[in-house]
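Here the structure is laid out as structure tokens; the discussion comes afterwards.
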Amino acid sequence: MGRSRGGLTTKIHALVDAEGRPIDLVLTAGQAHDGKPAAAMLETLKPNAILLADRAYDSDAIRNLAVERGAWANIPPKKTRTATFAFSSWLYRQRNLVERYFNKLKQFRGIATRYDRNPLNFLAAIKLASVRIWLRNYESAA
């Protein structure tokens with residue numbers, strides 16, 4: 001999708017719930033800023049939710065959008081930020097759910113190696129793998 005020195009690159013942006021299951025997925029070019037797809041993804045945020053995001057999503061626009069949706073943005077501030085915001089490092093540890101989701105997603109060989117060159121086909125493969133991840137929560141252990 002996006003071209004860089006290493007070739008074609010793509011970023012997967014995911015919004016996951018408290019169980020680590022994907023709620024919303026967006027695909028962007030590798031060199032695109034992380035904050036651009038965040039506005040569309042935050043539309044699905046429920047009131048009283050806690051938004052855990054990494055430093056790349058630290059902007060006034062994203063924080064204001066989270067407040068408008070009735071959510072609290074727990075995002076670590078960038079090193080260059082002058083204004084201070086409430087940030088809980090203890091709560092931020094729960095962001096590992098997002099990283100664990102990406103780990104589960106990369107267990108699918110077609111996603112990890114990106115066989116699909118068409119971005120729409122690649123996003124469809126990601127969504128199919130995400131459905132499988134959702135269904136794993138409801139499988140019987142017996």
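Just so it is clear, none of the values below were taken in a lab; they were calculated from the coordinates. On a predicted model such as this, the values are computed, not experimentally measured, just so you know. Neighbour counts run over all protein chains shown; Cβ positions are idealised from the backbone, glycine included.
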### Message
Let me confirm the definition first: pairs of Lys residues in segment 2-136, 8 or more apart or on different chains, C-alpha distance under 21 Å. How many are there?
### Response
11
### Calculated [θ] (222 nm, deg cm²/dmol) that DSSP helices of n ≥ 4 give over the chain, each run adding -39,500 (n - 2.57)
-10000 deg cm²/dmol
### Taking the chain and dividing mean pair separation by its residue count, relative contact order in percent (alpha carbons under 8 Å, at least six apart)
20
### Task
Please work out the ratio of the alpha-carbon Rg of the chain to 2.2 N^0.38 Å and round it to two decimals.
1.12
### Task
Could you line up Ile126, Ile23, Ile12 from fewest to most neighbouring Cβ atoms inside 10 Å?
Ile23, Ile12, Ile126
### Task
Restricting to the chain, compute how many DSSP beta bridges are antiparallel as a %, nearest 5.
75
### Message
Can you compute the charge dipole magnitude of the chain about its Cα centre, using +1 on each Lys and Arg Cβ and -1 on each Asp and Glu Cβ, nothing else charged? Give it in debye, rounded to the nearest 20.
### Response
540
## Note on the structure
Quick note on His33, His13, ordering by fewest other C-beta atoms within 10 Å, gives His33, His13
### Using alpha-carbon coordinates, inclination of helix 119-136 to the longest axis of the chain, degrees
90
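What's the local net charge at Phe85, with K and R +1, D and E -1, over the other residues with C-beta under 15 Å away?
Summing Lys/Arg as +1 and Asp/Glu as -1 gives +2.
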